[in-house]
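This report refers to the structure that appears directly beneath it.
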Amino acid sequence: MTSRPGEVVRFRFDGRDYEGRRGDTLAAALLANGVRRVSTSVQLGQPRGIFSAGGEEPNALVQIETPFPEPMLPATTVEICDGLVATGLPGKGRLADRPDPARYDTVHAHCDVLVVGAGPAGLMAAAEAARGGARVILADERPAPGGSLLGTAEAVDGLPGRRWAAERAAELDGLADVRVLCRTTVFGHYDDNYLVAVERRTNHLGAAAPATTARERIWRIRARRVVHATGAHERFPAFAGNDLPGVMLAGAARTYVNQYGVRPGRRAVVLTTNDTAYPAALDLAAAGIEIAAIVDVRQAPGEEWARRCAERGIDVLTGHVVTAARGAGELSSVVVAPEDGGQARDVPADLLLVSGGWTPVVHLFSQAGGTLRFDEEIGAFVPGDTQARDVRLAVEVAGSARGVPTLSGCLRDGAEAGRRALAAAGFAVPDQAPPPAVEDEPAAAPARHLWLVPAADGDGDDYREHFVDLQRDVTVADVLRATGAGLRSVEHVKRYTTAGTAHDQGRTSGLLTSAITAHALGLDVADLGVTTFRAPYAPVSFAALAGRDRGHLHDPVRVTAMHDWHVARGAPLENVGQWKRPWYYPLDGEDMTAAVLRECRAAREDVAMMDASTLGKIDVIGPDAAELLDRLYTNMMSTLPVGSIRYGVMCRPDGMVFDDGTVIRLAEDHFLATTTTGNAAAVLDWMEEWLQTEWPSLRVHCTSVTEQWATVALVGPRSREVLAGLAPGLDVGNASFPFMTWRDAEVAGIPARVCRISFSGELAYEINVRSWYGLALWEAVNAAGVTPYGTETMHVLRAEKGYPIIGQDTDGTVTPQDLGMAWVVSKKKADFIGKRSFSRADTVRPDRKQLVGLLPEDTGRLLPEGVHLVEPGGTRALGHVTSGYRSAALGRTFALALISGGRERVGERLHAAMGEEMIPVTVTHHVLYDPEGARRDG
Amino acid sequence: MLLIPCPWCGPRDEIEFHYGGQAHVAYPEDPAALSDEEWARYLFFRDNPKGRFAERWSHSAGCRRWFNVVRDTATNEIHAVYRIGEPRPVIA
Amino acid sequence: MTENLPDHPDWLWAAAEPKRSYDVVIVGGGGHGLATAYYLAKNHGITNVAVLERGWLAGGNMARNTTIIRSNYLWDESAGIYEHALKLWEGLEDDLGYPLLFSQRGVLNLAHSLQDVRDSVRRVHANRLNGVDAEWLEPEQVKELCPIVDVSPDVRYPVLGATYQPRAGIAKHDYVAWGFARAAAAYGVDLIENCEVTGLDVRDGRVTGVRTTRGPIAAGKVALCAAGHSSVVAAMAGVALPLQSHPLQALVSELLEPVHPTVVMSNAVHVYVSQAHKGELVMGAGIDAANSYRQRGAFHIIERQMAAALELFPVFARAHVLRTWGGVVDVTPDASPIVGLTPVDDLYVNCGWGTGGFKATPGVGWCYAHTVAHGEPHPLSAPFSLDRFTTGALVDEHGAAAVAH
C-alpha cells in the first residue's frame, strides 16, 4: 500500500524502519507494511497481532522508546510521527531511567452540558444543547470527531460521514460557548457530575512538539448535565485459536480499510452473529480483499445483506461456525463447519473477521452510580433507569452506548438526549430540527448471542486455545477450572483467572468471561452480571495526574523576611511544617556540633539572635476574647493585665497537650496568641471551630497575623545592653521593663513591639516588627555584634531549661502534668477544654510517662533521640529519649525523656538500650540548667 | 469531589472545605458532673450511620464559616445545608 | 520473562446453605472472618460455625487492600499482635497448604523531617525491645535497597532516612482469603455467600441469633467481622462503637519490568507502593475526609497520591494508572482496633482496623477465635478492648503523627 496518499512519516518498530502516512495509528501503519505480529502474550509467550482499531485493543501493546520511553500503549491508539521508535511488548512495559522532561497541566472547566463522545449521537446531542444556548463541552478520545463514522464511511446528509462529522464539529467549535476537545479521554465520572479527562496534546507531533506546550493535561469538569455518547465495543466469541495474529474484529478491519486505506490481509473469512459484519465484508471486498466466506451462526441474515453478498459473489454460510483458527504463529486457515455437526472444511485465509455483537460502553455510566440491565436483543448490559433507587443521576445516555443499533437511530437518539439535557439544565428547548438524512440503512435481522463455539475433534478440545481474555492469556479452560474449584461469583472468577485485569481492563473480554462463567454454572448471564467498572476508563499517566504539584510546587514553601540572609550565611535549612528555617550557621571549617556549641555559648555567655518569625501569631479581638482564651487554655488568661504576657498550654478535650505559646494582652479586648510553627493553622482552626460551633454567642474575632510580623529573638546576658543601644527611647531597666511584659518602642529606627520573654532561660527579648522591616531589623541587630543561631541551638537552650517542644517531647499522649507543668493547669477555673479528662482512670495513673532529664554516665556520650530506657537487667521499655544534646553550659551531654513514673525515679540509674549496648544514665529533674531562674533578669 | 453548597458562598468543590464530623454534638453543660462513661461518650463516640447524616463542614478555603449539611453516606447525595445553631431540617 | 502465578488448588470451597443454628455465627466473610473460623476449628475444635457474607467471599476490604504486611508498630500492644501475625504469616503457606505469594521483601518507612527521624528511630528502638526486626537506614542505604527512590535534596521534603523491617513484605490478598476459606471449609465450617445480616436477636442481654436475607439463624455466639460496616451491624444489637467509616482508595499500574524490589511507605508524603509479583505497581492513596459508605473515594485524593509518588519516584512519570478502587475503612479515635467483648453477652466485636487490617489477618483470627471460644480476651488482644475509651488507656498509634515545633 505504498501508493496510499498522504504525507510520508518515517518510524521504527522492533528494530526496522518503516514508512506510514500522517494520521496513521501505529497499528494502521504496521498493517500497511504487512507487519502482523506485534507483541508477545504475557503468560504463554504466543505471538499476537492487531485485534481492534481503538483503545479496546487487547493484543498489540507496544513500548515507546523515542521521543521518550513510555510503557505499554496500544498500537491502535499511537499516532505515528517522524522519528517514532517503538517495540512490541512481551506483556510488561519498561519505565524510563531518566526524568521525564515534559510538562503536565490541569484545566478546570464548568459547563451546562458535557457530551462524552463525538460520534453521531454525541455530535447531535452537543449540537442540540448548543442550539438551546447551553455552555457545552464535547470531548472525544480520537484525533477527529465522527466516532463510528470514521470507520464505517457511512454517508450522512449526503456527505461522507467523516466530513459530515468534521463540519458539525467545526460549527460547534466556532460557537462562543462550546468547546470541542479531541484526543481527550473522559476517564472518570465522580459524584455531583465531576468528570475528569486527559487531553493528549503533543504526542502526535513528535519532535515538532513545542516545548512550552504541556504534553498532557487533565480536565476537571463540573457539568450540570452529562450525555454519555460513548459508543459500543465489538465483541468476539471464544473459539479455538482466536488469539492468532490475523484474527481481527470485523469493525476494526472495516476501519483500517475505510479510514486508513489499509488492507489488513489478502483473503478473509468472516465469522459473525449479527448483520454488522456484512457491510464490513462488503467494504473489504470493495477494497480488493478476497472474502472467502461469511460464516454466519444464524440461519437467517438480513435479506438485503444476503442479496448484496450474492451480487458480489460472496459465499454466505448460514448456520455455520468457525471451530478453529489455524496457523503457525499467524493465521493461515480457518476451520468452518455446520453448527449442527456436518463436515468441517479448512478454508485458507490470512484474515479472520469476527463479530460477536456490540457491547455498549457503560463504564462511565456505571462509575457514576448508574445501574445496568441486560438487554436480550443486543445480548449485553445497557444503562438502566437514571432515576433508579435513591441515586438520581444528572445523566443522559445516547446512541449505541444504550444499545441503539442503527446510524439514523443514533442521530435521533443523540438529538433527543441533547434536548433532554438542555431542559434538565434549565434551558428553553428550541423547536425540533429535522434529523440528518441517512440513506442506505437496510433492515437488520435479529442477532444471535453466541459466546462459545464448542471445540471440534482435535481442535482445542481441552479449551486451552479458546481465549476469553487475550491480553491476560485467559482461556475457557481457565474459567472452567475456576468454576470447577467451586467459585460462583464473576468477581472470584476474575481474580482466579486474572481475566479483565490487564491493560484493557476487559473491554472486549468482560462480558464474554461472565457469559462463559454463567454457561459453566448453568446460569443466565443476565443474573450473573459483570464485574464492577472503575476509573479510569482508559489508562492515564501518573505524570498527568500529578500535574504541576511536583518539586517546589508539591507543597508551598514558606520563608521569613530574613530568609535570604540565612541562605547567604550558609545556614542549612530545616523543614518545619511548610517553613524553611535556618538550622545552624557554620563558620568556615565548623561542623554542626562545633557551630551549635559556639552558638549556645554566645547565648549563655554573651548575646545571640534567632529568627523567630515562623511562630504562629493569632489576633484574638473582641469583648469576649478573654473568655474564649480561658476556655481554650489550661491556665487563666482573663487575669492577664494589659501590657503583660503569659505562657499557656492548650489541650484537646482528651486532656492531651495540643499546643503551647505565649499570650500577650494588647488591650482589654485584644490578645495576641502565639503558637508553635507547625501548628499555627491548626490552632486558628481550633479557635474558629469552638467559637463558631459551640460558643457563637462569644463576641470574638480570630485572625492569623503570622505573615504580618517578623520576629527577632535577642538572647543572652548582654541582650539588654544591645537592645538599649538599638532602642535609645526604651527604658530597658529590669524594674521598668520586667519579665513577661511588652513595650512599644522604636528599635533601630523601626516601630517595634518588644516582648520580654525567654525560651532559653536567659535574659531575652523578642522584637516584633512589620514583616517588611524584618530584614532591616535583623541586619541592625546583627551589626551590633550579635551571634545568629538556628533551630538546633534554640532546641538545646530550651532543653537545658526543661522546656518541652510540643511534637518532639510530646506525641499526643502527654498531659501537662506529665510534662511537670501542673502549674499551668488552673485549679480555679470551673472548666476548660481537657479538664474533665485529667480525672480519668488512665490519666491519674502514677506510672504515666513523665518528662525527666537524663545524664549519661559517660559525659561525652550523646543519647540518640528515640532510644528507649530500661531498668538494668530489664528489657521492658520504660520510655524513650525525646531530646538529646551536647550542652556547652553543662559541659556534658544530657537528654530529656518520657519515662514511666519518671518523677519518682529521679536519682535512679537506668540503661539506654542501644541494641546490645546498654548506656548507663541517671534520671534527673527535667530542668538541668539554672533551676532557680536566676539568669532570667540578666 | 463533592459539590458542597456553602450557605454563604454557593456551591464549591469539596477541596475547599474541611470536614468536622457529626453535627449537633454539644459540649456538655457540666463535664465535671459526668461519669467517665458519659465523658468517654462525648469524647470518642459519634454516630456513623449508613444513610442520612447531619454533619459539620467548614469552608476553610473560602469564607471560613462552619455550617451543617445533611448528606446520605450511602450515596453522598446532599439533602440540606443549614447554618450552625439551626435545627436539623426534616427531609421527606 | 514473566513470573507466572502459582496454580490454585483444584478445589476451594462449596457454597453452603444456611442451617437453622450454629454454635458460632461469624458476620462477615472477609479475611478476618475466615481466619477466625479457621482458628476456631483448628485451635479450639469448634466447627459448627457459619461465616455469613453479604456479597462474595472476601469481596470487601480483603479484596481492596494494598497487601502490605509488617509488624513494626510503635506501641508494645500493637507490636504484640502484629508480630504474632507476622510469625503466623511466616508459616501460613504450609499451614494452609496454599500458595499465598508471601514475599518478605522488606518495608521501608521513609522519614522526611527531623521529627520524622526522631519518631522513626524511636520506633526502631521500641521494635527491637519487642523482638521485632527493625533497622534505621541513612538515605544512601535507602538508595541501595530501592535505587529508584529520589534521595536528592531537591525533593520538597527530602528523604532523611528510613526505618526498615526486613521480614515485612506483601502477600496475595485473594489467595490468603481463599486459603483460609478452603481450610475452614475442610474443617466443616459453612461459608455462606449472598447472605446479608439484617438483624441481631438479643434476649435478656444475650445474643441468640441473626436475621439474614436467607432467613433467621440461631447462634450460640455471634462474632462480628464486618469491616466497613461495623457500626451498622453492631447497631442492630444496640451496641455503639467509636468508629467513623471512610473511603480509602488504591490503584494499580500496568505490568512493568521489575524496578521496585521492596515496599516503600511514606506517611509525610503519603505514598505506599510496592511492585506485585506480576509486575504492576500497587499503591495506596489517602483516606477521604468525610464519612461515607460508598466504596469509592474522591478523585483529588488520587491526584495528590500521584504527585506524592512522583516526588519520591520520578521514574514513575509515564507509568499509567490502570484501575483505581475504594474500600470503606472503620477508623477509631486512636487508630487501633477494637477486639473483644461487647455489652451484649455472647456478642463479640472485631473492628476498627482502619487501613491496617490485612497484615493482622492471621494474628487477629487467632486471638479473636480464642476470645470467642473462651469468652474472654486473648492476652494479645486484651489491650484493644472497647472500654479503653472510658479509662483513657488508648493505644494511640496516631500519637507519633503529632506535628508541631
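The values are calculated or read from the model by the stated rules, or taken from the named source; none is laboratory data. Every value quoted in this text rests on a predicted model; they were computed, and no experiment measured them. Every residue, glycine as well, gets a Cβ built from its backbone with ideal geometry; the counts of neighbours run over all protein chains shown.
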Restricting attention to region C:110-124, does a residue exist that is under 30 Å from C:V252 (Cα atoms), within 21 Å of the chain's Cα centre (by Cα) and not polar (S, T, N, Q)? yes
Breaking point among (1) within 12 Å of another protein chain (Cβ to nearest Cβ); (2) surrounded by fewer than 21 Cβ atoms within 10 Å (Cβ to Cβ), for C:G29: (2)
Condition (residue is polar (S, T, N, Q), surrounded by 24 or more Cβ atoms within 10 Å (Cβ to Cβ) and closer than 19 Å to A:T677 by Cα) applied to region A:748-762: is it met by at least one residue? yes
Where C:V155 falls short, out of the listed (1) at pLDDT below 95; (2) β-branched (V, I, T); (3) within 29 Å of C:S230 (Cα to Cα): (3)
Quick one: what pairs do we get from region A:714-740, first residue crowded, with 19+ Cβ neighbours inside 10 Å, second among the polar types (S, T, N, Q), C-beta under 7 Å, 6+ apart or different chains? A:V715/A:S760
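Every residue, every condition in (1) surrounded by fewer than 20 Cβ atoms within 10 Å (Cβ to Cβ); (2) in a loop (DSSP other than H, G, I, E, B); (3) among the polar types (S, T, N, Q); (4) within 14 Å of another protein chain (Cβ to nearest Cβ), yes or no:
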position: A:E792; (1), (2), (3), (4): no, no, no, yes
position: A:A799; (1), (2), (3), (4): no, no, no, yes
position: A:G802; (1), (2), (3), (4): no, yes, no, no
position: A:G807; (1), (2), (3), (4): no, yes, no, yes
position: A:V814; (1), (2), (3), (4): no, yes, no, yes
position: A:S837; (1), (2), (3), (4): no, no, yes, yes
With the condition being among the polar types (S, T, N, Q), I'd like the strands (runs of 3 or more DSSP E) fully within region A:37-152 carrying at least 2 qualifying residues. A:61-66
Flag if A:D173 is among the charged types (D, E, K, R) and under 28 Å from C:R296 (Cβ atoms): no
Is it true that some residue in region C:195-207 is away from chain B (no Cβ under 13 Å) and in contact with a helix residue (DSSP H, G or I) (Cβ under 7 Å, 6 or more places away or on another chain)? yes
Report the residue count in region A:192-228 for those that are surrounded by fewer than 21 Cβ atoms within 10 Å (Cβ to Cβ) and not in a strand (DSSP E or B). 15
Options A:E916, A:E932, A:E904; residue that is over 28 Å from A:E721 (Cα atoms), of a type in the set (D, E) and over 48 Å from the mean Cα position of the chain (by Cα): A:E904
In this structure, does A:V867 turn out to be modelled with pLDDT under 95 and of a type outside the set (S, T, N, Q)? no
Assuming C:I301 fulfils every condition listed in (1) within 12 Å of chain A (Cβ to nearest Cβ); (2) assigned to a loop (DSSP other than H, G, I, E, B) apart from one, which condition is it? (2)
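Checking the structure you have, find out if any residue of region C:150-158 is part of a helix (DSSP H, G or I), facing another protein chain (nearest Cβ under 10 Å) and in contact with an Asp or Glu (Cβ under 6 Å, 6 or more places away or on another chain).
no
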Give region B:77-91 a look and list any residue that's within 19 Å of A:L393 (Cα to Cα) and outside any strand (DSSP E or B), or say none. B:E77
Within region A:420-437, how many residues turn out to be of a type outside the set (D, E), out of contact with any strand residue (DSSP E or B) (no Cβ under 6 Å at 6 or more places or on another chain) and on the phi < 0 side of the Ramachandran plot? 11
I need the full set of residues from region A:530-552 which are in contact (Cβ under 8 Å) with a residue 60 or more places away in the chain, in a loop (DSSP other than H, G, I, E, B) and either more than 7 Å from chain C (Cβ to nearest Cβ) or farther than 26 Å from A:A502 by Cβ (or both), in order please. A:V530, A:T532, A:F533, A:Y537, A:A538, A:G547, A:R548
If you take just the helices (runs of 4 or more DSSP H) that sit entirely in region C:25-135, which of them hold at least 2 residues that are hydroxyl-bearing (S, T, Y)? C:31-44, C:76-96
Of the residues in region B:16-63 that are of a type in the set (S, T, Y) and not in a loop (DSSP other than H, G, I, E, B), the one that is nearest to the other protein chains (Cβ to nearest Cβ) is B:Y19
Filter result for C:A41 (surrounded by fewer than 24 Cβ atoms within 10 Å (Cβ to Cβ) and of a type in the set (A, V, I, L, M, F, W, C)): yes
Residue check for C:E53: crowded, with 24+ Cβ neighbours inside 10 Å and of a type in the set (D, E): yes
Might you let me know whether region C:319-330 holds any residue that is surrounded by fewer than 24 Cβ atoms within 10 Å (Cβ to Cβ) and not in a strand (DSSP E or B)? no
Among the residues of region A:288-295, are any over 50 Å from the mean Cα position of the chain (by Cα), in contact (Cβ under 8 Å) with a residue 24 or more places away in the chain and over 23 Å from A:N258 (Cβ atoms)? no
